[in-house]
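A.B. asks: Take this structure first; my questions come after.
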2 protein chains.
Amino acid sequence: MRQIKHPTIEQVELTDIMYALADPTRLEIIALLAKAGKKLTCGEINLNRPKSSMSHHFKILRGAGLVQTLIEGTEHMNSLRLEEIEQKYPGVLSAVLKALTKD
Amino acid sequence: MRQIKHPTIEQVELTDIMYALADPTRLEIIALLAKAGKKLTCGEINLNRPKSSMSHHFKILRGAGLVQTLIEGTEHMNSLRLEEIEQKYPGVLSAVLKALTKD
DNA sequence: TCTATTGTTCTATATTATTCGAACAATGAT
DNA sequence: ATCATTGTTCGAATAATATAGAACAATAGA
């Protein structure tokens, strides 16, 4: 059961985070993950877009260090790396999440 | 002395803010404006890039509602719209600024 | 009026990103 | 083994962005 590689929190950079969050689709994904408060499969995050498009966005979110993906069987379980990001960049992600739920 | 048009705080959208902040040059501009704590001319924000490039980035920062530019004579005085943005999206901009000064 | 200063706009180019169908890989079930 | 499921990767088309030189506009000063 090979797992996907993620950046360590030390490797995470602010510009990558900002870039990843600068897309409406990815903000939706982030918002859904935060709202769920638990791991979600890609399939459960249904934004009516092709699989390949969603996969692309997940790749960017993972690369930025915002999302962690654990492979369990055929499913990919996604969760926010909220605590880690908060520790490295206090307030950034939580403030964005708060702003997202407001709209 | 015609002034430049800016979006009202009601017109400001989170995705525009995130997009504007997803560029290293623009983050530098934001950081310098915050550090200065006062209005700066475009010339005072010297990042060793052509005027036209800088103008482009200022245009995006203005369009996102992050920067206000007042024309005074031949100079354009730039300042952060920190209070307004903080009120609409509490913590977002201040947390990013804090993260920027850390690096 | 002529000139210098400040910054924008125009234009073109190179780079990068988004999108999505199709093929592929890994796992689980029959 | 075969097939269904889940999601990634590939490839190509399209769109958006950054960059920067050149021309331009607005103002101030001599």
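The values are calculated or read from the model by the stated rules, or taken from the named source; none is laboratory data. Since the model is a prediction, treat every value here as computed from it, not as a measurement. Cβ placement follows ideal geometry from the backbone for every residue including glycine, while neighbour counts extend to all protein chains displayed.
A.B. asks: Go through (1) in contact (Cβ under 8 Å) with a residue 40 or more places away in the chain; (2) within 16 Å of DNA strand C (Cβ to nearest atom) and name the single condition residue A:59 misses.
C.D. replies: Result: residue A:59 passes all but (1).
A.B. asks: Still on this structure, please answer the following. Every residue in segment A:42-71 that is at pLDDT 95 or above, loosely packed, with under 14 Cβ neighbours inside 10 Å and among the aliphatic types (A, V, I, L, M), please.
C.D. replies: The one that is at pLDDT 95 or above, loosely packed, with under 14 Cβ neighbours inside 10 Å and among the aliphatic types (A, V, I, L, M): A:71.
A.B. asks: Tell me, which helices (runs of 4 or more DSSP H) lie completely within segment B:4-68 with 1 or more residues that are farther than 14 Å from residue B:92 by Cα and acidic (Asp, Glu)?
C.D. replies: Per the criteria, B:24-36.
A.B. asks: Are there any pairs, at least 6 apart or on different chains, whose C-beta atoms fall under 6 Å, with the first in segment A:1-16 and within 13 Å of residue A:86 (Cα to Cα) and the second at pLDDT 95 or above and within 16 Å of DNA strand D (Cβ to nearest atom), and if so, which?
C.D. replies: A:12/A:65
A.B. asks: Just for segment A:88-103: of the residues that are closer than 18 Å to residue A:20 by Cβ and in contact (Cβ under 8 Å) with a residue 40 or more places away in the chain, which one is farthest from the other protein chains (Cβ to nearest Cβ)?
C.D. replies: Among residues in segment A:88-103 that are closer than 18 Å to residue A:20 by Cβ and in contact (Cβ under 8 Å) with a residue 40 or more places away in the chain, the one farthest from the other protein chains (Cβ to nearest Cβ) is A:97.
A.B. asks: Looking at segment B:1-19, which of its residues are over 19 Å from residue B:77 (Cβ atoms) and touching a Gly at 6+ places or on another chain (Cβ under 9 Å)?
C.D. replies: B:8, B:9, B:11, B:12, B:13, B:16, B:17
A.B. asks: Any chance you could count how many residues in segment A:43-57 are more than 13 Å from residue A:32 (Cα to Cα) and more than 9 Å from DNA strand D (Cβ to nearest atom)?
C.D. replies: The number of residues fulfilling the criteria is 2.
A.B. asks: Restricting attention to segment A:22-57, report how many residues are more than 14 Å from residue A:77 (Cα to Cα) and touching a Phe, Trp or Tyr at 6+ places or on another chain (Cβ under 9 Å).
C.D. replies: Within segment A:22-57, residues that are more than 14 Å from residue A:77 (Cα to Cα) and touching a Phe, Trp or Tyr at 6+ places or on another chain (Cβ under 9 Å) number 3.
A.B. asks: Could you list all residues from segment A:58-86 that are within 13 Å of DNA strand D (Cβ to nearest atom) and within 14 Å of another protein chain (Cβ to nearest Cβ)?
C.D. replies: A:60, A:61, A:63
A.B. asks: Right, something else. If you go through segment B:12-32 one residue at a time, do you hit one that is away from chain A (no Cβ under 13 Å), at pLDDT 95 or above, more than 22 Å from residue A:100 (Cα to Cα) and surrounded by fewer than 19 Cβ atoms within 10 Å (Cβ to Cβ)?
C.D. replies: yes
A.B. asks: Sticking with this one: Filter segment B:69-95 down to the residues that are touching a helix residue (DSSP H, G or I) at 6+ places or on another chain (Cβ under 8 Å) and small (Gly, Ala, Ser), then identify the one that is nearest to residue A:95 (Cα to Cα).
C.D. replies: B:91
A.B. asks: Right, residue B:39: farther than 21 Å from residue B:98 by Cβ, of a type in the set (D, E, K, R) and surrounded by fewer than 12 Cβ atoms within 10 Å (Cβ to Cβ) or not?
C.D. replies: no
A.B. asks: Now for a separate question. Under the condition of being modelled with pLDDT of 95 or more and away from chain B (no Cβ under 13 Å), which residue from segment A:1-11 is surrounded by the most Cβ atoms within 10 Å (Cβ to Cβ)?
C.D. replies: Of everything passing the filter in segment A:1-11, A:6 is surrounded by the most Cβ atoms within 10 Å (Cβ to Cβ).
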